[in-house]
Amino acid sequence: MRFRPEEIAEVTEMLHYLNLDVRAVTLSLDVTGKEKEEIVETVESKGSELVRAVREVSEEHGIPIVTVRMALTPLAEVVNKEEELVELAKELDRAAVKTGVDALGGFGAFAEVGLNARAKTLIKVLPEVLSKTERLFGFLNVGDTWSGLNVEAVYEVSEALIDLAIRTKGTGNAKFLVSANLPGDVPFMPGAHHGKGRPEAEVNVAISGPGVMEAVVRRSKVNSFRELYEVLKKAAFKIARLGEFAGRKVAEKMGVEMGSVDLSLAPTPKMGDSVAKVVEAMGVPSFGAPGTLAALALLVEALKKGGAMAVSRFGGFSGLFVPLSEDSGMVEAAQRGTLDLYKLIAYTSVCSAGLDMVPIPLVTPETLASITLDQLMIGVINSKPLGVRLLPVPDAKPGDVIELGGLLGRGVVLPVEDLRPNNFIRLKGHVPPPTLRLHRG
């Protein structure tokens, strides 16, 4: 991989002045068939090696790498007894802290059609595990385009998430994702896990770069949509290429395979690192105003086309994140009143990740499950990965600002219609797959 001098100069400016960084380098590991002690030892040894490799690459090449992460085979597939799962989860969390790994994914299960004993056990222990661990993240995949959507699983995990919200004042819910079509090479938490059919170990990379996108749009003074598209596409190429370079260097140092680069544009709470501000730079008066969805669609398509050319393999969500609390521009839009819950859901029809990091008042499990069902149905019908990470906050009311800290930022509590009775969500079983599946036979 060779860079021209002008490319190096442009990327140097992006790194030093436009908040460009590699969001995460995630080591994905297969721990199938290992005993509990062996899994913990693997996390400790590989975690220390990963932290060292990332630090060396960052120092040698001047690349800011924000977080170091690991992802494991879904733990519900590794252990099936309640006590063992709780104990393993807590030991793995301690191992992550010990080694300096920022986040450890894999506390998860798949339940697209039915709830087997392993998935039920995970749901049952979820509130205890995630309220008493620091760096462990988890997920429950409840649907996909080939299988349909397991509404019963959505409801049962919603009950557990309300329990978790009460125990942690909503903050613990940031560590769990309810998803559909979840890929096995996602480097972002909470959905990161080691998927089926993958190498024993691989490095997957999450990129960043909203600040770069905003700057190039403001400087470009474009006069047409095609010109705007070209500007965005070229910037996306440079951002993704940096992610590929960093991932390859870390993989080489560890002697493992380079996996994929997730092309998703992920914001942070820092000023100048906002997807909302990119949309506003494109000419939309406020994020959430008319035109926002079209602007997001153009941005994500340019990101995919430019990014795909820059990497040897793309994967994960590879779209555009719209997490409310992690984007300062979205927080401002919510406070102005131009953004609400169902606008965010509508935007996920063209974006990835889903309804993410949105504080809401504490609601009934029926309401939480119904919102989750609305969001995930878009993913199932449109054959795309989506998830839900809502933060029900006890004693909060719409308009309150909730401080979450670090990369989680601060969020505005959005209003929710918590109406009852809600008998639709209490229907048993799962929604069959869409006819889209028949078109692919």
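The values are calculated or read from the model by the stated rules, or taken from the named source; none is laboratory data. This structure is a prediction, so every number in the text was calculated from the model and none was measured. Note that we place each Cβ from the backbone using ideal geometry, even for glycine, and neighbour counts take in every protein chain shown. Accessible surface is based on the protein model in full, side chains and every heavy atom, while ligands, DNA and RNA are left aside. Shrake-Rupley method; radii C 1.70, N 1.55, O 1.52, S 1.80 Å.
Give a residue-ordered list of calculated ³J(HN,Hα) values for segment 379-390 (Karplus: 6.51 cos²θ - 1.76 cosθ + 1.60, θ = phi - 60°; whole Hz; x for Gly, Pro).
x, 5, 5, 9, 6, 9, x, 9, x, 10, 9, 8
Would you mind checking the pairs Lys36/Lys249; Lys124/Lys175; Lys221/Lys277; Lys34/Lys169; Lys90/Lys175; Lys221/Lys343 and listing those with alpha carbons more than 26 angstrom apart?
Among Lys36/Lys249; Lys124/Lys175; Lys221/Lys277; Lys34/Lys169; Lys90/Lys175; Lys221/Lys343, the Cα-Cα distance tops 26 Å for Lys36/Lys249; Lys34/Lys169; Lys221/Lys343.
Relative contact order, percent, of segment 221-376 when contacts are C-alpha pairs under 8 Å separated by at least 6 residues?
28 percent
What do you reckon, how do Phe314, Phe245 stack up by accessible area (1.4 Å probe), largest on top?
Final ranking, largest accessible area leading: Phe314, Phe245.
So what does Lys238 come to for accessible area, using a 1.4 Å probe and Å² rounded to 10?
Only protein atoms counted, so the area is about 40 Å².
May I ask you to give the solvent-accessible area per residue for the chain, in square angstrom, as obtained with a 1.4 angstrom probe?
Here the residues of the chain average 40 Å² of exposed surface.
Given Cα pairs under 8 Å that are at least 6 residues apart, what percent is the relative contact order of the chain?
After rounding, I find 18 percent.
Per the helix-only calculation at 222 nm, which mean residue ellipticity applies to the chain, given -39500 (n - 2.57) for every DSSP H run of n ≥ 4 and division by its residues, nearest 500 deg cm²/dmol?
-14500 deg cm²/dmol
Among the lysines, which fall within straight-line cross-link reach of Lys253, defined as a Cα-Cα distance under 17 Å, with same-chain neighbours fewer than 8 residues apart omitted?
The qualifying lysines are Lys46.
Once you place label points 7 Å from the Cα toward the Cβ at Tyr342 and Lys270, how far apart are they in nm?
Going by the 7 Å Cα→Cβ label model, 3.7 nm.
Need one number: nm distance between label points at Ser220 and Met309, each 7 Å from Cα along Cα→Cβ, rounded to one decimal.
Result for the modelled spin labels: 1.3 nm.
Computed from the coordinates I sent, Rg and Dmax of the Cα atoms in Å equals one of [x] 22.2, 75; [y] 20.6, 64; [z] 22.3, 70. Tell me the label.
[y]
Say we join alpha carbon atoms closer than 10 Å with springs in a Gaussian network model of the chain; which of Thr372, Thr348, Thr133 then has the biggest fluctuation?
Thr133
Residue farthest toward the positive end of the dipole of segment 215-365, with Cβ of Lys/Arg at +1 and Asp/Glu at -1: which of Gly272, Leu339, Ala240?
The Cα lying farthest towards the positive end belongs to Ala240.
What residues qualify as long-range amide H neighbours of Glu257, i.e. H under 5 Å apart, gap of 5 or more or another chain, H built at 1.01 Å from N?
Long-range HN contacts for Glu257: Ala201, Val203.
Measure off, as a whole percent, the carbon and sulfur share of the 1.4 Å-probe accessible area of the chain, all protein chains present.
52 percent
Skipping prolines and chain starts, which residues have an amide H placed within reach, meaning under 5 Å, of the one on Asp21, given they are 5 or more residues away or on another chain?
HN-HN under 5 Å from Asp21: Ser208, Gly209.
Please check: in the Gaussian network model of the chain (C-alpha springs, under 10 Å), which one of Ala276, Ala192, Ala160 has the largest mean-square fluctuation.
For the chain, modelled as a Gaussian network with Cα springs under 10 Å, the answer is Ala160.
To the nearest Å, what is the center-to-center distance of segment 246-324 and segment 338-413, using C-alpha atoms only?
Here the two parts' Cα centres lie 19 Å apart.
Which one, Ser28, Ser264, Ser131, has the greatest fluctuation when you compute a Gaussian network model over the chain with C-alpha springs under 10 angstrom?
Ser131
Would you mind classifying segment 306-377 by shape? Square roots of the alpha carbon gyration tensor eigenvalues, ordered a ≥ b ≥ c; an a/c under 1.5 is rounded, otherwise it is prolate if a/b is larger than b/c and oblate if not.
Oblate shape, in that a/c is at least 1.5 and b/c is the bigger or equal ratio.
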